[in-house]
């Protein structure tokens, strides 16, 4: 597809209703948000955190508006959820129409067409031209957990292999699959059995250099699996094509294909966790496509339904069809409102070439971030694809992580009206996930705010 200028984003719906501008009228958070935060403290446990405690009253295009009237540039998209823009008009229209007809029957009791249509779309769009089956659940963690469950059932094996820096969710199994202890795992054990962690080809931190990371990490993983577990005991390998919470780590070239080939040769189910990378975020519809990797099972969520809770598990028919009747499902899985939203999202991605827009965002952001890295030695690495971009901050002259500087840069951006997110195993990564429909002037202004935060 040809890249489409971001300035050509349609100006209908919320993007037209809301001025696409940064506007800071109070300190951030302002007095109304602070009042709401006090109420929250009395009602919600502190374990549920927030990146920035401004209370949103409106959002659309590339901005979120808070209870004090501040309009912030959105470089977060609700963690890669509102790819098509918040309150996208087509999503709103289809959800509103569905809500007027019925809101729930439970697909396992009396089914409906939109669930089937979403599954048909996933079967068609996910990598590979083999016959597929899909079913729908509520969240990314639930999708990953079901994918592992299916792989174990289909293979008759128990062991599951995951990778360093990976994040897969907060349920017992997906928390076990996740690499980072704090805050995701600390104090919540014991964890699920038969989960084994392997090295990830992390180019910036690979001991012998980024050019060696792909083949060496793959060789190490294969060797450890063979010696420590036994390939014949492994049901599944679960991996993010780009590690999300781990710091937007793009595995070195060749690593994913080598792991996929090892799985195919040994009857292991290769599960691609595309929860954060899916639905045009990386400049491809799915991140696996970048190196031509065809997973046996793909898990999706986040960007699938424009903000409504929905996730999918899509896999080879011969694997998915093995599970007995009643072995899969859930009361709310594939809720009709979320299904209609998903169908609208897929229409928007195709109609507005949002994969092309994601690539265009990367073309704008990466050169400016690399120029920033040349001026500021604290920027150790600039990486990412499409609209999934990150910078890793270190102490100058070293690769020692600098989480304190990362937090300070994020704080300065927030105070200036730019919503950014942090990530990384070491807490030293700033990640950027703007809506794929963000106007170009907001993208430019947001990068300028980031540059000013570093200069300060």
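Read-outs: derived from the displayed coordinates by stated rules, not from any lab. Predicted model only: the values in this text are computed from it and were never measured. Cβ sites come from the backbone with ideal geometry, for glycine too, and all protein chains shown count toward neighbours.
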Query - Label-point gap, in nm, between residue 366 and residue 44 - each point 7 angstrom along Cα→Cβ - result: 3.6
Query raised in the report: Can you tell me the Rg and Dmax of segment 315-456, counting just the alpha carbons, in angstroms?
Result: 19.9, 61
**Report entry** Rel. contact order, % - alpha carbon contacts under 8 angstrom, at least six apart, the chain
**Finding:** 23
Report task. Starting from the Kirkwood radius over alpha-carbon pairs of segment 85-135, derive D by Stokes-Einstein at 10 °C in a medium of 1.306 mPa s and give it in µm² s⁻¹. Result -> 122
Report task. Neighbouring Cβ atoms within 10 Å as the yardstick, rank 320, 182, 365 fewest first. Result -> 182, 320, 365
Requested in this report: Would you mind giving the three semi-axes, in whole Å and largest first, of the ellipsoid equivalent to segment 93-351 according to its Cα gyration tensor?
Outcome: 31, 20, 17
Query raised in the report: If each Cα of segment 76-186 is one equal point scatterer, what is log10 of I(q)/I(0) from the Debye formula at q = 0.19 Å⁻¹?
Result: -1.29
**Report entry** Additional length obtainable on full extension of the chain from residue 26 to residue 220, 0.36 nm per residue less Cα span
**Finding:** 64.5 nm
Query raised in the report: What list do you get for 398, 448, 282 if you sort them by fewest beta carbons within 10 Å?
Result: 398, 448, 282
**Report entry** Burial ranking of peptide ranges 92-102, 240-250 (average Cβ count within 10 Å, highest at the top)
**Finding:** 240-250, 92-102
Report task. Rank by packing, highest mean first: peptides 151-163, 48-60, with packing defined as the count of other Cβ atoms within 10 Å averaged across residues. Result -> 151-163, 48-60
Report task. For a quick protection proxy, order the peptides 406-414, 124-132 by their average other-Cβ count within 10 Å, most packed first. Result -> 406-414, 124-132
Query raised in the report: residue 93 to residue 399: extension gain in nm, 0.36 nm per residue of separation minus the Cα-Cα distance?
Result: 105.3 nm
Query raised in the report: What FRET efficiency comes out for the pair residue 117/residue 170, r = Cβ-Cβ distance, R0 = 30 Å, nearest 0.05?
Result: 0.50
Requested in this report: Divide by every residue of the chain the summed helix terms, -39500 (n - 2.57) for each DSSP H run of at least 4, and state the resulting mean residue ellipticity at 222 nm, rounded to the nearest 500 deg cm²/dmol.
Outcome: -11000 deg cm²/dmol
Report summary line: When 450, 366 are ranked with the fewest other C-beta atoms within 10 Å first, the list becomes 366, 450
Report task. For segment 11-109, state the average projected area of the convex hull of the C-alpha atoms over all orientations, rounded to one decimal in nm². Result -> 8.8
Report task. Return the inverse of the average 1/r over all pairs of distinct C-alpha atoms in segment 379-456, which is the Kirkwood hydrodynamic radius, in Å to one decimal. Result -> 12.8
Query raised in the report: If you average the sequence gap of Cα pairs under 8 Å that are 6 or more apart and divide by the length of segment 93-351, what percent do you get for the contact order?
Result: 30
Query - Kirkwood-Stokes translational diffusion coefficient of the chain, alpha-carbon pairs, 10 °C, 1.306 mPa s, µm²/s - result: 70
Requested in this report: Just grab the label-to-label distance for residue 186 and residue 56, each label 7 Å out from Cα along the Cβ direction, in nm (one decimal).
Outcome: 2.7
Query raised in the report: How far is the Cα center of segment 219-280 from the Cα center of segment 31-58, in Å?
Result: 38
